Each structure stands twice: as structure tokens, then as C-alpha cells.
1. Do you know which of the residues in segment 167-194 that are in contact with a helix residue (DSSP H, G or I) (Cβ under 7 Å, 6 or more places away or on another chain) and open to solvent by 60 Å² or more (accessible area, probe 1.4 Å) is modelled with the lowest pLDDT?
2. Would you please list the contacts, defined by Cβ atoms under 7 Å and residues six or more apart or on different chains, that run from a residue in segment 195-208 that is within 14 Å of G176 (Cα to Cα) and outside any loop (DSSP other than H, G, I, E, B) to a residue that is open to solvent by 10 Å² or more (accessible area, probe 1.4 Å) and polar (S, T, N, Q)?
3. Which condition number does Q197 fail, the rest of (1) under 24 Å from A103 (Cα atoms); (2) modelled with pLDDT under 90 being met?
4. I'd like the residue in segment 120-153 that is farther than 21 Å from P189 by Cβ, open to solvent by 70 Å² or more (accessible area, probe 1.4 Å) and free of Cβ contacts under 8 Å to residues at least 24 places away in the same chain and, out of all such residues, is nearest to the chain's Cα centre (by Cα).
5. Name the single residue that is nearest to the chain's Cα centre (by Cα) among those in segment 75-107 being small (G, A, S) and either in a loop (DSSP other than H, G, I, E, B) or more than 20 Å from E165 (Cα to Cα) (or both).
6. Could you please let me know if H110 is open to solvent by 10 Å² or more (accessible area, probe 1.4 Å) and part of a loop (DSSP other than H, G, I, E, B)?
7. Could you say whether any residue in segment 33-47 is open to solvent by 50 Å² or more (accessible area, probe 1.4 Å) and in contact with a Lys or Arg (Cβ under 8 Å, 6 or more places away or on another chain)?
8. Would a scan of segment 92-105 turn up a residue that is among the acidic types (D, E) and free of Cβ contacts under 8 Å to residues at least 40 places away in the same chain?
Amino acid sequence: MTSLTERFTAYLDDAKPITDNRPTRGILGIIAGILTLGIAVALAYFWRKLVAAPFLPLGLWLIGWGVWQLVAVRRDQRLATTVRRIVERGQRVNAYLVRAHDALYRPGSHVQPCQVLISFQPEVSGDKDYMLHLAQRWAEQTRDRDRKVRYRRRQLPLTLTDGSEVFCCDLFLHPGMLSSGYLTSMVLPCVAEYGEQAGIELIPYWLLFPYVESPLSQRQRV
């Protein structure tokens, strides 16, 4: 039987999009934008500036859109590399929900943030009642107005945790990776790197049981 890490990395290999046209669209958008700006300059120089005026913002928009496509591809590539590193170096942990975006409590198709508590001390992480109590206390003592940042992690005050090492993490979830398609549990299976500044990722529910088939809609997602 393959290990969880092997199944997770195999899923990441299989989850790459079959085709990604964003680089091509980005390059074409930049070229079209440059040509449009060229037309604007030519019209302004040889004819009327008023006629050339609409082409200028259109050219700038096309260039910006093309650059955004290329940047998005690069961002996703970096994220995929980071996720693989977390899976290969991290360890299995239980993450206890502090708070979550409202959209995660109903079926959806977009990644949304939540906050969870984790501990790398087995006697602490395995104490469900204590961790859920701590999550509730932390939710009551902190605000939910700050923007969530992927892989942000901070240690809870030792005075609150009775000396135990517990971290609050910003975790981004895709509803399709939850067995019900939305949040139904306060405990989430995750893989996390050890340390104060490190990554954490949700384990897709089908990877916890080798015999569960990976949903087709998720095989092309990272």
C-alpha cells in the first residue's frame, strides 16, 4: 500500500491542467496591445488626435491583460512548487477550525480562506476537546478583519496554551477537496511543515483512503 505522501505527490502530478493557453493568450494580448498603440500613434500623427484617442486605452488594456496572464501562470507554477515541497517535507497534522469564509459552508468552486490551529506536539494535537476549546477561545480573543495570507502562521501566547506550542495558520481550501463539498467538521486533515514560518495544505479527502477515486473535476486543480 502506498503512503499518503506518495499518493499526494501522484495526485499533484496528475492534477496539472491538460492544456494551459494562458501563456499564448498573454503573448498575443501584448502583441495586440503594442499594435493598437502603434495604430493610435499613426492616426494621431497622420490624421486626427481625436480619432486616435480610443485606441490608446485599448492598447494599454490589452498589454496589461497579456502581462496579467503571464504573471498568473508564473504565480501558479510557484504555488505548485511550494505545495509539492510542503507535501514532501511536511507531516500529517489535525487542523482545528477557528473561523472560515462563509462560502466554505456551502458547495462552491472557488478557493476560500479559513484559520486553523495546529500543534506538532502529539499529546496536544491529539486532544480534540482541548484544541477545539482553544480554537473557540482564540476566535473570541481575535478579530476577523485582517486579510488572510496564504501560509501565514503565528504562535499562540504560551499563557493561553498552558505552555504548549500551538500555531494559528491561514489555510486556503477548495470545497471540492472536502468529502461533502463544504465544511461539515471542525477538524481538518492537513500536511504541514514544522516551524514558525512554514506551509500547510489540506489533504484531499480521497487521498486518505487509497480506494477512493479522485473526482475528475479535481484532477486538473492544484
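The values are calculated or read from the model by the stated rules, or taken from the named source; none is laboratory data. Treat the numbers as computed from the prediction; the structure is a model and nothing was measured. Cβ placement follows ideal geometry from the backbone for every residue including glycine, while neighbour counts extend to all protein chains displayed. Quick note on the areas: whole protein, heavy atoms, side chains included, nothing else; ligands and nucleic acids left out. Shrake-Rupley method; radii C 1.70, N 1.55, O 1.52, S 1.80 Å.
1. S179
2. Y205/S179; W206/S214
3. (1)
4. Restricting attention to segment 120-153, the residues satisfying the condition of being farther than 21 Å from P189 by Cβ are 137, 140-147, 149.
Right, trim to open to solvent by 70 Å² or more (accessible area, probe 1.4 Å) and you get 137, 140-141, 143-145, 147.
Filter once more, so that each one left must be free of Cβ contacts under 8 Å to residues at least 24 places away in the same chain: 137, 140-141, 143, 145, 147.
Numbers: R137: 26, E140: 25, Q141: 26, R143: 22, R145: 19, R147: 14 Å.
Result: R147.
5. Quick first cut of segment 75-107, residues small (G, A, S) only: 80, 90, 95, 100, 103.
Filter once more, keeping what is either in a loop (DSSP other than H, G, I, E, B) or more than 20 Å from E165 (Cα to Cα) (or both): 80, 90, 100, 103.
Details: A80: 10, G90: 17, A100: 14, A103: 15 Å.
The extreme case among them is A80.
6. Numbers: open to solvent by 10 Å² or more (accessible area, probe 1.4 Å): yes; part of a loop (DSSP other than H, G, I, E, B): yes.
The answer is yes for H110.
7. Here is the first cut: in segment 33-47, the residues open to solvent by 50 Å² or more (accessible area, probe 1.4 Å) are 34-35, 39, 41, 45-47.
From what's left, in contact with a Lys or Arg (Cβ under 8 Å, 6 or more places away or on another chain): none.
Within segment 33-47 (the criterion being open to solvent by 50 Å² or more (accessible area, probe 1.4 Å) and in contact with a Lys or Arg (Cβ under 8 Å, 6 or more places away or on another chain)), the answer is no, since none of the residues qualifies.
8. Taking segment 92-105 first, the residues among the acidic types (D, E) are 102.
Subset that is free of Cβ contacts under 8 Å to residues at least 40 places away in the same chain: 102.
Yes.
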